[in-house]
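Right, one structure below, let's go through it.
Each value in this text was obtained by applying a stated rule to the coordinates, not by laboratory testing. These numbers were taken from a predicted model, which means no experiment stands behind them. Note: ideal-geometry Cβ built from the backbone for every residue, glycine included; neighbour counts use all protein chains shown.
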Amino acid sequence: MSAASDTPGEARQVIGEMVACVRGVDPQFFDRFDTAPLECEELPEWNHAPVGANSGKAFAKEFDARLNGHTSRLIDYSPNAPRVIAEAYRAVVGLTETQCSDAEAIDRLLNPARNPYRLQTLNIGVHAPMMRALQHANYTFAKKISHTADSQDQRHRMVPGSRPLLTLADTRDPDFITPMLVNGNVRAKEIHECTMREAWAAKNELLDRGVPPEIALYLLPNAKAIRLVESGSLLHLLHKWTMRTCFNAQEEIYQASIEEVAQLAEAQPELARYIGPPCHLRAGITTPICTEGSHFCGVKVWLDFPNIARRI
């Protein structure tokens, strides 16, 4: 599978050394498996790949049109999530609908004043039987963020995404994300955009000289725009949104999370009532209100979330 990546040469080297280390400990270990490597031409991703330079331009244009100005757009979700979550909760605690209505079940799960799991600084939801009821609601988002933000976003392993093979989604024209601070400073923006043009020009020149894409694309900057489709259950998205609607979150992930919560509130408002940063959940219930300690942002976000403006 090392060939199914943007950098098969580097992947083969790293994996090859790992295999050698294992063979040094257990020479017969890999004899138990079919270890015949798949060549690039055997991989279905490459068999259906667009041909020619600038092959990703049409994909990027279509994807951006569907985003309709969003950083992250809700494109699919479990339509009966509130009902299913409530039924799952009742199954855990052994109650009938007469004993516990759907609204009551959802409030017991999501209201931090009634559910101490919501106030924990550690993510223990996956270990709490009743919280697993949130696993049955799933949401899918189309997103466009920078390579930098995407690399950090992947720390949420339980909210996986279908990310592009960069060699198949490459564009000849610069395709990047501009940070908010840079965008607000004329001189900084000029330098940023000039740097992006130079990076793409250098990459394109290497490709024109016949350098393999896996080598040439090393020149792409961390600002490179990544378009992906990401899905997760409400259980894991709840943890992500709690962490990433905090003012200390990375700019793009914060913006995407705010948009996602807002769209959930439109689609299923009963599930979005108690979603926000730790301070929003803890205010009036427990102390400290902020769980960031010396990293407190200095803004009393809990007084007016999500309406309070974030300034960088």
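Sparse packing (at most 16 other Cβ atoms within 10 Å of the Cβ) combined with a DSSP loop state is found for the following trypsin sites (Lys or Arg not before Pro) in the stretch 87-136: Arg114.
Please report Leu237, Leu181, Leu165 as a ranked list, fewest other C-beta atoms within 10 angstrom at the top and most at the bottom.
Working: Leu237 26, Leu181 11, Leu165 15.
Going from sparsest to densest Cβ surroundings: Leu181, Leu165, Leu237.
Across all directions, the average projected area of the convex hull around the alpha carbons of the stretch 174-295 is 11.1 nm².
Within the stretch 1-92, the GluC sites (Glu not before Pro) that combine a DSSP coil assignment with at most 15 other C-beta atoms in a 10 angstrom radius are Glu39. Estimated from helices alone, the mean residue ellipticity of the chain at 222 nm is -12000 deg cm²/dmol (sum of -39500 (n - 2.57) over DSSP H runs with n ≥ 4, per residue).
Amide H contacts under 5 Å for Ile226: Ile145, Ser146, His147, restricted to partners 5 or more places along the chain or on a different chain, H placed in the peptide plane at 1.01 Å from N.
Taking only the C-alpha atoms, wrap a convex hull around the stretch 5-125 and report its volume per residue in Å³ as a whole number.
286 Å³
What area, in nm² and to one decimal, does the C-alpha convex hull of the chain cast on average over all directions? Each step should come with its number before you reach the end.
Numbers: hull surface 85.5 nm².
Projected area, direction-averaged: 21.4 nm².
Loop exposure criterion: chymotrypsin sites (Phe, Trp or Tyr not before Pro), DSSP state outside H, G, I, E and B, at most 16 other Cβ atoms within 10 Å. Applied to the chain, the longest stretch between such sites is 34-295. Average 1/r across all pairs of distinct alpha carbons in the stretch 1-48, invert it, and you get the Kirkwood radius: 11.9 Å.
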